[in-house]
Ligand SMILES: [Zn+2]
Ligand SMILES: [Zn+2]
């Protein structure tokens, strides 16, 4: 029997003669999507995303999937396929590619945006990027992969049809069905129904909007709203949205051109994405439309529109700085119209509200999502999810890309369209779904989870560091420094108490004096009890001091005794 991986619980069998589908991220959560497919000596992976940290992950910049399983099976790793260029699908890619060299497949725009990211990380040269279209067929070992176009809030999004010896598996990627797409490129409906006709073993489908009834509105409805605002606004119009939503940027450009406004682009990611999308032909802009931010003042207010990042209220982003009157180049004036054309990513609500408040205070007219139709989702609602299920008609169904309740609602939809209830698997990251002889069952678990990235550190921040950061952020820290005599154990100097984030020292002299006395008497008592090992001394001081401080203040600061010998 072959032990396939050391980190997780080993599977009962090896991978010979069976297909294993292993989600390594994106299940029970929104973000860090990654799915491994293994058959025999071959493994392919779909997507390598990141996730933005949750509130309790203090100081963490981003979160990526644990790729231990990929590392342990690197000799099988044939290729990495990308559905589209959103961060929750490509954001983890640089970290994967720094550990594992593997060819990356994606559509032109996806690879264009990936290229910029890999260049930033200094690993573009060493990476093989292979462009695909809906005509491509990639054969890698036991797998044959082709893709079909879907609609989404970034162009060039695809789903994958993966031929395996066990049968055909379809992974949708993020999708909606837009009947009037901005770029005129429809989803590959015929291809999807043809896959259904051929017979599909399993479907993995986007669950993001499984709770929303009906259909998601067309991106074009946003265009109509933007057009109207651009036409009627007397002053400047400042529009903020996701830098990757090229369709929306296109509609802003069209609206500006129709209302004879020049467009200044502010924010690094917005500038970069517009350049890439234009280069690759995904964005149509008249030669005279764009102007430099420095030239804004040369035009009348009603001849100008600004396109900017910061729709999530990110503290360092352009719009947030403008709202705080802290942007180097752009000020917001009373009479400006600001459109925030995005919906908050959960967790960002507060910072967005703060930005909106600040904009209103300046005297701007602010249009944001909860008030009017300046945003539509990029993910299909219930009727579109059912449509996908009816196109593909899978034997087995796995709701992916969503939190647990979304996966469950999606499972309900699948049952409603006729998928056998026992053939629906609501999986978790690290679960393995095994197919043998056309029958699926859950196998063992592999190592999966979150790797936190803080600054340059990848994975060095774990639960213990986070617990400390949490304690520090709640009640602060108290450092006790004391020097003991090596011979006698008596106090030579100190105790000195330094506090940060606990109490204001100048107003707490009594409390800290008493804390000093308690440390001294505790050390004396420990000495008479013949306790003189470091741990014993430190624990004694920490316990006595913590008890006293809690009694006096009902706070539990972190107490850090530093005991030196001289
Ligand atoms: Zn997406
Ligand atoms: Zn996504």
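The values are calculated or read from the model by the stated rules, or taken from the named source; none is laboratory data. A quick note: this is a predicted structure, and the numbers were derived from the prediction, not measured. Counting neighbours? That spans all protein chains shown, and the Cβs are built from the backbone with ideal geometry, glycine included.
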Matching residues in the stretch 526-539 - criterion: being assigned to a helix (DSSP H, G or I) and either in contact with a strand residue (DSSP E or B) (Cβ under 9 Å, 6 or more places away or on another chain) or at pLDDT 85 or above (or both): 527, 534, 537, 538, 539
Given (1) buried (at least 16 other Cβ atoms within 10 Å of the Cβ); (2) assigned to a helix (DSSP H, G or I); (3) more than 21 Å from the chain's Cα centre (by Cα), index of the condition residue 478 fails: (2)
Which listed residue, of 90, 64, is away from ligand 1 (no atom under 16 Å from the Cβ) and either within 14 Å of the chain's Cα centre (by Cα) or buried (at least 21 other Cβ atoms within 10 Å of the Cβ) (or both): 64
Selection count, the stretch 363-385, where residues are more than 16 Å from ligand 1 (Cβ to nearest atom) and within 18 Å of residue 152 (Cβ to Cβ): 2
Residue identified as outside any helix (DSSP H, G or I), within 16 Å of ligand 1 (Cβ to nearest atom), touching a strand residue (DSSP E or B) at 6+ places or on another chain (Cβ under 7 Å) and over 26 Å from residue 112 (Cα atoms) among 187, 210, 202: 210
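I want to confirm something. Restricting to the stretch 153-184 and keeping residues that are assigned to a strand (DSSP E or B) and within 16 Å of ligand 1 (Cβ to nearest atom), which single residue is surrounded by the fewest Cβ atoms within 10 Å (Cβ to Cβ)? Outline the logic, then answer.
Step one: list which residues in the stretch 153-184 are assigned to a strand (DSSP E or B), which gives 158-164, 167-171, 176.
When the remaining residues are screened for being within 16 Å of ligand 1 (Cβ to nearest atom), the result is 158-160, 171, 176.
On the way: 158: 28, 159: 31, 160: 25, 171: 27, 176: 28.
Selected residue: 160.
Would you confirm whether any residue within the stretch 414-427 is at pLDDT 95 or above, within 27 Å of the chain's Cα centre (by Cα) and over 21 Å from residue 18 (Cα atoms)? Steps first, answer last, please.
Filtering the stretch 414-427 for residues at pLDDT 95 or above gives 414-427.
Next, only the ones that are within 27 Å of the chain's Cα centre (by Cα) stay: 414, 424-427.
Next, from what is left, pick out any that are over 21 Å from residue 18 (Cα atoms): 414.
For the stretch 414-427, residues at pLDDT 95 or above, within 27 Å of the chain's Cα centre (by Cα) and over 21 Å from residue 18 (Cα atoms): present.
Okay, residues lined up against (1) surrounded by fewer than 23 Cβ atoms within 10 Å (Cβ to Cβ); (2) touching a helix residue (DSSP H, G or I) at 6+ places or on another chain (Cβ under 7 Å); (3) closer than 30 Å to residue 422 by Cα:
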| site | (1), (2), (3) |
| --- | --- |
| 225 | yes, no, no |
| 230 | no, yes, no |
| 259 | yes, yes, no |
| 283 | yes, yes, no |
| 286 | yes, yes, no |
| 291 | yes, no, no |
| 294 | yes, no, no |
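Criterion first (touching a residue at least 24 places away in the same chain (Cβ under 8 Å), within 16 Å of ligand 1 (Cβ to nearest atom) and more than 30 Å from residue 215 (Cα to Cα)) does residue 140 satisfy it? Explain how you work it out, then say what you get.
Details: touching a residue at least 24 places away in the same chain (Cβ under 8 Å): yes; within 16 Å of ligand 1 (Cβ to nearest atom): no; more than 30 Å from residue 215 (Cα to Cα): yes.
Spelling it out, it is not the case that residue 140 is touching a residue at least 24 places away in the same chain (Cβ under 8 Å), within 16 Å of ligand 1 (Cβ to nearest atom) and more than 30 Å from residue 215 (Cα to Cα).
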Failed item, numbered, when residue 17 is tested on (1) surrounded by 21 or more Cβ atoms within 10 Å (Cβ to Cβ); (2) in a loop (DSSP other than H, G, I, E, B): (1)
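Out of curiosity, is residue 430 within 21 Å of the chain's Cα centre (by Cα), in contact (Cβ under 8 Å) with a residue 24 or more places away in the chain, farther than 20 Å from residue 200 by Cβ and surrounded by fewer than 16 Cβ atoms within 10 Å (Cβ to Cβ)? Step through it out loud before you land on a result.
Details: within 21 Å of the chain's Cα centre (by Cα): yes; in contact (Cβ under 8 Å) with a residue 24 or more places away in the chain: yes; farther than 20 Å from residue 200 by Cβ: yes; surrounded by fewer than 16 Cβ atoms within 10 Å (Cβ to Cβ): no.
No; evaluated as a whole, the condition is false for this residue.
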Residue 276 vs. criteria over 17 Å from residue 182 (Cβ atoms), in contact (Cβ under 8 Å) with a residue 12 or more places away in the chain and outside any loop (DSSP other than H, G, I, E, B): yes
Per-region count, the stretch 354-390, residues touching a residue at least 60 places away in the same chain (Cβ under 8 Å), within 25 Å of residue 313 (Cα to Cα) and surrounded by fewer than 16 Cβ atoms within 10 Å (Cβ to Cβ): 2
Residues of the stretch 342-380 that turn out to be out of contact with any strand residue (DSSP E or B) (no Cβ under 6 Å at 6 or more places or on another chain) and closer than 10 Å to residue 311 by Cβ, as a count: 9
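Please indicate, with yes or no, whether at least one residue in the stretch 291-304 is touching a residue at least 12 places away in the same chain (Cβ under 8 Å), part of a loop (DSSP other than H, G, I, E, B) and either within 23 Å of the chain's Cα centre (by Cα) or within 15 Å of residue 229 (Cβ to Cβ) (or both).
Of all residues in the stretch 291-304, those touching a residue at least 12 places away in the same chain (Cβ under 8 Å) come to 291-296, 299, 301-304.
Filter once more, so that each one left must be part of a loop (DSSP other than H, G, I, E, B): 292, 299.
Remaining after also requiring either within 23 Å of the chain's Cα centre (by Cα) or within 15 Å of residue 229 (Cβ to Cβ) (or both): none.
Checked against the condition, which is being touching a residue at least 12 places away in the same chain (Cβ under 8 Å), part of a loop (DSSP other than H, G, I, E, B) and either within 23 Å of the chain's Cα centre (by Cα) or within 15 Å of residue 229 (Cβ to Cβ) (or both), the stretch 291-304 yields no hits at all.
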Residue 122, sole failed condition from (1) out of contact with any strand residue (DSSP E or B) (no Cβ under 9 Å at 6 or more places or on another chain); (2) buried (at least 17 other Cβ atoms within 10 Å of the Cβ): (2)
